[in-house]
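All remarks here apply to the structure that follows.
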Amino acid sequence: MSVLFGWVLPYIVIILFLGGMIHRMLMWAHVPVPFKLTVFPSPKTTGGAVADLVKETVGFRSLWRGNKGLWFGAWLFHISLAMVIIGHAVGIYYSGHHFMMFGSTAEQSEHLSVVIGTYAGIALLLGLLILLIRRASSPQLRFISNFSDYLVLLLILGIAMSGMYMRWFADVPYSVVRSYLAGLLTLRPIAPPDNSAFMVHFTLVQLLLLYFPYSKLMHACGLFFSRWLITRPHERQVILK
Amino acid sequence: MSEVRIPYEAKEKDLKVMHVGAVPAEERPKAALELLGEMLKYKRSLKLYLDVCTHCGACAEQCHSYLGTKDPYNMPVARVELVRRVYKKFFAPGRSFLRAWEGAKDIDQETIDLWYKYFYQCNQCRRCAIFCPKGIDTAEVTIAMRELLAHLGLVTKFHAGIVKNMKTTGNNMGTPLPAILDGIEFLEEELKEETGLDIKIPVDMEGAEVLFNPSSSDLFTNTDGFMSVAKIFHKAGVSWTLSSRIAETANFGLFFHEPTMREHNMKLMNAGKDLGVKRIVAGECGHGWRTWRMFTDTINGPLPFPVVHLFEEVLDYMRDGRIQFDKTRNPELITYHDPCNYGRGGDLMDQPREILRACVQNFVETTPTKEYSYCCGGGSGILMDEAMEIRMALGQPKAESVRATGAEILCAPCAICKAQLPVVMNHHKVDVKVKGLSDLMGRALIL
Ligand code: SF4
Ligand code: SF4
């Protein structure tokens, strides 16, 4: 069982995930854009357009303009998700000792890592709940929601909850996860951590990655394509004095 | 859900000018799929927009069409969903059970009826694009879907008539050349009477500096605005001309038929080349302006001259001191309506305001304004009488924002807005006069 879930599946999943994602992006890139679709006011230079894109991706400016409540839920969710993902990468790679770079002791670093991780996890859960409740409770939102809109939220909720469960109730040390992932990455797989919470967490993540290229989650990549269409800088033909 | 819909009554013979034939009802779903497949290959916007929407609903409350009708299918996301579900069924990647989770649905005649109904209740105003975090511009989808419907032979009688008029006479109203020339002579006499000056309105004058292309409605019905422009050119000492081949800046092709749009664009550019002018100046029309400013390059390649808007031209004269305004001649409280295709669509927000401030005494902004401004409700050419009920509902948010200013004059410098807004204001009992910016400039101009 753990051979299948721990050794074979991860490789298949990562190939399907990356392959599917790149394929979708190439498909977009291959379709021409016959007309300039800039929506004004627009930036005047490419640098300005990039700055615009950054403000939008980091600050969710469009949502802020129209709907502060949705902005809060969506922003909280996305920012804490980003923190959690970065935290996983750094925390697991350095076994929680990364704050030693800034002069803390090993113990302080591990503690800090746990505290930040816990708060980010709580923020993530909160963001998810806000989005889920919003979707389920408003008649307008229910009208425009498909099964997959709920499914994606529930899937991420499951991932976040199993993660938090590990943090609070089933301590899986960074180092064990680290050796397992390192084994996978160097193509010398070792047995996955012997912990059912970890296996649930890890399997749900894989399901999400499998679904990613075929779902609305692709907005994470598509956003840059679609926003570029309307923020493309436009030079005035006539420069007025 | 309202049951009102705009009838598609264009007859087979009216469609001929557009080179499309009517597809029999039972064959439409199949033909529609083929057309959609084709469009997905050359419109990146369409494909992206069908792929990246997350159903977050941020656009819903920003669409005046939804606000005015309360019909859930008029939420931009739901409007596009009518196509997206077909896209998910037939074109999206992934296994079919995954696509079913995303709302995939088969296409039938009812789907096409729904498309017709709801893509003709979108004004292509692009307000949703400002509020959508993914930058989804539903107007693009509406343009594509109306094009698809046109290829099925589903066109409103009003629009088919306009395409025909444009082809035969070079203006949307279908006025033949002798009548135009008569009208121009009459306007010259009027100008003489009013000002005592010999202000000419030249037609087809070779080597003129400027080719001015007004909306035909300004030329024939809202003549005050047009005469103001003649006065301004006269005062600034600019040699200018009209073209007898085309006297129409409103390009209805943009709304539902790209070949018509391109042909129209080419017609004016060729007229400009043949007359050897230094620039083309476009008159008051929102969507026409968007096609001149944003699409001309794609359609006609590099041009020997720029295409500028009347307001840019006037601003130039103003800043050079070639013309002056006396603002005491416009003492009323005046507010400004941003035509969607000037503001969001065509980079023309500050220029008209600078002119307004120079020629009116009391200016007040609406809330919301500029890129957040609501559409008049007549955008995308749904100006037909058959659509009156829808038009009034779609104009409601604008009416409220104008009412709140307490303005006596609403300056709306776009041919469609000028046709739509007086009716809307009257219907919603907002006591305000609608005028073009040219009218106000003409009143204030010191000759
Ligand atoms: S373009 Fe305007 S009318 Fe059309 S869906 Fe968007 S906001 Fe509504
Ligand atoms: S705001 Fe954009 S992403 Fe959100 S539902 Fe509307 S179109 Fe879709």
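Quick look at the numbers
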item: Condition met for B:Ile280 (of a type in the set (A, V, I, L, M) and open to solvent by less than 10 Å² (accessible area, probe 1.4 Å)); result: yes
item: Helices (runs of 4 or more DSSP H) completely within segment A:9-83 that count 1 or more residues being under 20 Å from B:Arg44 (Cα atoms) and facing chain B (nearest Cβ under 10 Å); result: A:9-30, A:46-59
item: Selection status of B:Ala78, facing chain A (nearest Cβ under 8 Å), hydrophobic (A, V, I, L, M, F, W, C) and open to solvent by less than 10 Å² (accessible area, probe 1.4 Å); result: yes
item: Residue within segment B:84-97 that is within 11 Å of chain A (Cβ to nearest Cβ) and surrounded by 24 or more Cβ atoms within 10 Å (Cβ to Cβ) present; result: yes
item: Whichever residue in segment B:126-176 is more than 13 Å from ligand 1 (Cβ to nearest atom) and within 14 Å of chain A (Cβ to nearest Cβ) and, among such residues, is farthest from B:Glu371 (Cα to Cα); result: B:Glu147
item: Matching entry among B:Pro259, B:Pro202, B:Pro214 (being in the same structural domain as B:Pro302 (by TED's automatic domain parsing), modelled with pLDDT of 95 or more and closer than 30 Å to B:Thr142 by Cβ); result: B:Pro214
item: Answer from B:Ile112, B:Ile107 - the residue that is more than 16 Å from ligand 2 (Cβ to nearest atom), more than 9 Å from every other protein chain (Cβ to nearest Cβ), in a helix (DSSP H, G or I) and aliphatic (A, V, I, L, M); result: B:Ile112
item: Residues that are aliphatic (A, V, I, L, M) and either open to solvent by 50 Å² or more (accessible area, probe 1.4 Å) or within 16 Å of ligand 2 (Cβ to nearest atom) (or both), drawn from segment A:34-50; result: A:Leu37, A:Val39, A:Val50
item: Single residue of B:Ala387, B:Ala399, B:Ala419, B:Ala407 found to be open to solvent by 30 Å² or more (accessible area, probe 1.4 Å) and not polar (S, T, N, Q); result: B:Ala419
item: Wholly within segment A:134-241, helices (runs of 4 or more DSSP H) carrying at least 3 residues that are away from ligand 1 (no atom under 16 Å from the Cβ) and under 21 Å from the mean Cα position of the chain (by Cα); result: A:147-168, A:174-185, A:196-211, A:219-231
item: Cβ-Cβ under 6 Å pairs, at least 6 apart or on other chains, segment B:168-192 side surrounded by fewer than 14 Cβ atoms within 10 Å (Cβ to Cβ), far side of a type in the set (Ser, Thr, Tyr); result: B:Pro176/B:Thr169
item: Single condition A:Tyr119 does not satisfy, out of (1) open to solvent by 60 Å² or more (accessible area, probe 1.4 Å); (2) within 14 Å of chain B (Cβ to nearest Cβ); (3) under 21 Å from the mean Cα position of the chain (by Cα); result: (2)
item: Selection status of B:Asp297, assigned by TED's automatic domain parsing to the domain that holds B:Asp439, under 28 Å from B:Gly379 (Cα atoms), not hydrophobic (A, V, I, L, M, F, W, C) and not in a strand (DSSP E or B); result: no
item: Hits in segment A:76-89 (condition: surrounded by 14 or more Cβ atoms within 10 Å (Cβ to Cβ) and without any contact (Cβ under 8 Å) to a residue 24 or more places away in the chain); result: A:His88
item: Checking B:Trp101 against (1) open to solvent by 10 Å² or more (accessible area, probe 1.4 Å); (2) within 16 Å of ligand 1 (Cβ to nearest atom); (3) within 9 Å of another protein chain (Cβ to nearest Cβ), the condition it does not meet; result: (2)
item: Tabulated pairs, segment B:333-351, first in a loop (DSSP other than H, G, I, E, B), second among the basic types (Lys, Arg) and within 16 Å of ligand 2 (Cβ to nearest atom), C-beta under 9 angstrom, 6+ apart or interchain; result: B:Asp338/B:Arg344; B:Cys340/B:Arg126; B:Cys340/B:Arg127; B:Asn341/B:Arg126
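The values are calculated or read from the model by the stated rules, or taken from the named source; none is laboratory data. These numbers were taken from a predicted model, which means no experiment stands behind them. Cβ coordinates were reconstructed from backbone atoms using ideal geometry, including for glycine residues, and neighbour counts include every protein chain displayed. Calculation scope for accessible area: heavy atoms of the full protein, side chains included, ligands and nucleic acids excluded. Shrake-Rupley method; radii C 1.70, N 1.55, O 1.52, S 1.80 Å.
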